[in-house]
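*Asks:* Shown below is the structure under consideration.
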Ligand code: GLV
Ligand code: GLV
């Protein structure tokens with residue numbers, strides 16, 4: 001059996017890989033495995049330990065002749081052609097739940113950092129502009145008691161709602177399906193997207209990338225938000241029309257945006273959004289705590305072992321593969 005790791009993974013858990021297995025790993029830290037290497041190495045691989053920067057499309061599947069299991073170290077799987085995987089009988093495993101708290105915490109981090117203008121403030125000190133305490137110096141927005149609108153009430157949204165409740169926030173949500181059980185359990189209320197945008201002081205995007213969610217935040221939608229409101233995206237960049245976001249932010253149609261994800265990653269330094277004082281951008285680090293990443297590696301590995309042993313994965317994205 002050959003397991004292909006598309007990234008350098010250094011973990012004692014790798015010692016659990018049976019000695020007779022072959023392990024091929026791309027070892028350049030924080031660089032993606034070049035496409036030609038990926039296609040070459042997957043051609044005789046039985047399992048792949050992938051991540052969100054690998055494009056597992058129809059070309060990939062044409063090369064993956066022996067592949068029995070795909071395990072991605074991520075919750076999102078918009079980089080994987082699931083139809084192709086299912087058609088070929090390949091289960092796709094991912095790593096939800098263990099990262100929900102970390103991603104929700106990053107959403108809160110961006111909410112706080114935007115609300116209190118933390119990055120701008122530090123820049124101000126660095127530039128030696130601080131002359132004295134000022135009555136309204138860097139006056140921002142309050143979080144306690146404000147209204148949070150969550151777009152996409154899944155695993156992460158529910159955790160974020162709980163955390164927000166501890167800050168005495170009112171929480172509303174928009175979702176493909178209304179979830180009355182969660183409404184009762186967490187004391188949150190359902191809204192259509194437009195109403196959520198009009199009412200909320202903080203809007204957090206958690207809807208996954210799909211055809212349905214492509215650019216669900218456009219100029220019309222951002223314009224519905226209050227001038228004092230803050231937009232945070234910790235999901236996928238494709239949910240947001242970045243040109244529209246730039247326009248609204250530069251017109252001060254909303255207060256600020258905190259962005260962990262972008263339409264094209266890595267975002268380039270000359271991107272218009274990065275020229276704005278009311279944008280805080282971080283490099284797709286939603287789940288990046290040491291503890292969470294360790295757990296993601298553990299689950300992604302377990303998914304591989306289960307898959308190679310013809311057992312059900314811990315978390316299968318394409319459940320229908322088991323019915324074929
Ligand atoms: C991160 O974006 C993930 O999908 O895990
Ligand atoms: C601020 O530092 C205050 O004392 O109000």
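The values are calculated or read from the model by the stated rules, or taken from the named source; none is laboratory data. Keep in mind that what you see is a predicted model, and the values were worked out from it rather than measured. Every residue, glycine as well, gets a Cβ built from its backbone with ideal geometry; the counts of neighbours run over all protein chains shown.
Residue-wise test of (1) buried (at least 18 other Cβ atoms within 10 Å of the Cβ); (2) within 16 Å of ligand 1 (Cβ to nearest atom); (3) modelled with pLDDT under 95; (4) more than 16 Å from residue 112 (Cα to Cα).
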| residue | (1), (2), (3), (4) |
| --- | --- |
| 257 | yes, no, no, no |
| 260 | yes, yes, no, no |
| 270 | no, no, no, yes |
| 286 | yes, yes, no, no |
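*Asks:* Another one. How many of the residues in the range 90-117 are more than 13 Å from ligand 1 (Cβ to nearest atom), in a loop (DSSP other than H, G, I, E, B) and surrounded by fewer than 21 Cβ atoms within 10 Å (Cβ to Cβ)?
*Replies:* The number of residues fulfilling the criteria is 1.
*Asks:* Related question: Return a yes/no flag: does the range 235-242 have any residue that is part of a helix (DSSP H, G or I), free of Cβ contacts under 8 Å to residues at least 40 places away in the same chain and over 21 Å from residue 153 (Cβ atoms).
*Replies:* yes
*Asks:* OK, next. Kindly establish whether residue 67 is under 21 Å from residue 209 (Cβ atoms), away from ligand 1 (no atom under 13 Å from the Cβ) and in contact with a strand residue (DSSP E or B) (Cβ under 9 Å, 6 or more places away or on another chain). Even if it seems obvious, please write down each step before you answer.
*Replies:* On the way: under 21 Å from residue 209 (Cβ atoms): no; away from ligand 1 (no atom under 13 Å from the Cβ): yes; in contact with a strand residue (DSSP E or B) (Cβ under 9 Å, 6 or more places away or on another chain): yes.
Here the answer is no, as residue 67 does not meet what is asked.
*Asks:* Here is a follow-up. I'd like the full set of residues that are free of Cβ contacts under 8 Å to residues at least 12 places away in the same chain, in a loop (DSSP other than H, G, I, E, B) and within 17 Å of residue 63 (Cβ to Cβ), limited to the range 1-36.
*Replies:* Matches in the range 1-36: 34 only.
*Asks:* I want to confirm something. Restricting to the range 218-234 and keeping residues that are out of contact with any helix residue (DSSP H, G or I) (no Cβ under 6 Å at 6 or more places or on another chain) and in a strand (DSSP E or B), which single residue is nearest to residue 106 (Cα to Cα)?
*Replies:* Out of the qualifying residues, it is 233.
*Asks:* Continuing with the same structure: Give the residues of the range 116-173 that are in contact (Cβ under 8 Å) with a residue 24 or more places away in the chain and at positive phi, sorted by residue number.
*Replies:* Those that are in contact (Cβ under 8 Å) with a residue 24 or more places away in the chain and at positive phi: 117, 145, 152, 168.
*Asks:* Of these, 252, 215, which one is surrounded by fewer than 20 Cβ atoms within 10 Å (Cβ to Cβ), on the phi > 0 side of the Ramachandran plot and out of contact with any helix residue (DSSP H, G or I) (no Cβ under 9 Å at 6 or more places or on another chain)?
*Replies:* 252
*Asks:* Now for a different question. List the residue pairs whose Cβ atoms are under 6 Å apart, where the first residue sits in the range 67-78 and is farther than 16 Å from residue 99 by Cα, the second is near ligand 1 (Cβ under 8 Å from one of its atoms) and outside any loop (DSSP other than H, G, I, E, B), and the two are 6 or more positions apart or on different chains.
*Replies:* Every condition considered, no pair remains.
*Asks:* Can you name the number of the only condition in (1) in a strand (DSSP E or B); (2) surrounded by fewer than 12 Cβ atoms within 10 Å (Cβ to Cβ) that residue 181 fails?
*Replies:* Residue 181 satisfies all of (1) in a strand (DSSP E or B); (2) surrounded by fewer than 12 Cβ atoms within 10 Å (Cβ to Cβ) except (1).
*Asks:* Quick one: which of 55, 35 is more than 16 Å from ligand 1 (Cβ to nearest atom), surrounded by fewer than 22 Cβ atoms within 10 Å (Cβ to Cβ) and more than 18 Å from residue 299 (Cα to Cα)? Can you show your working first?
*Replies:* Numbers: 55 fails: more than 16 Å from ligand 1 (Cβ to nearest atom).
The match here is 35.
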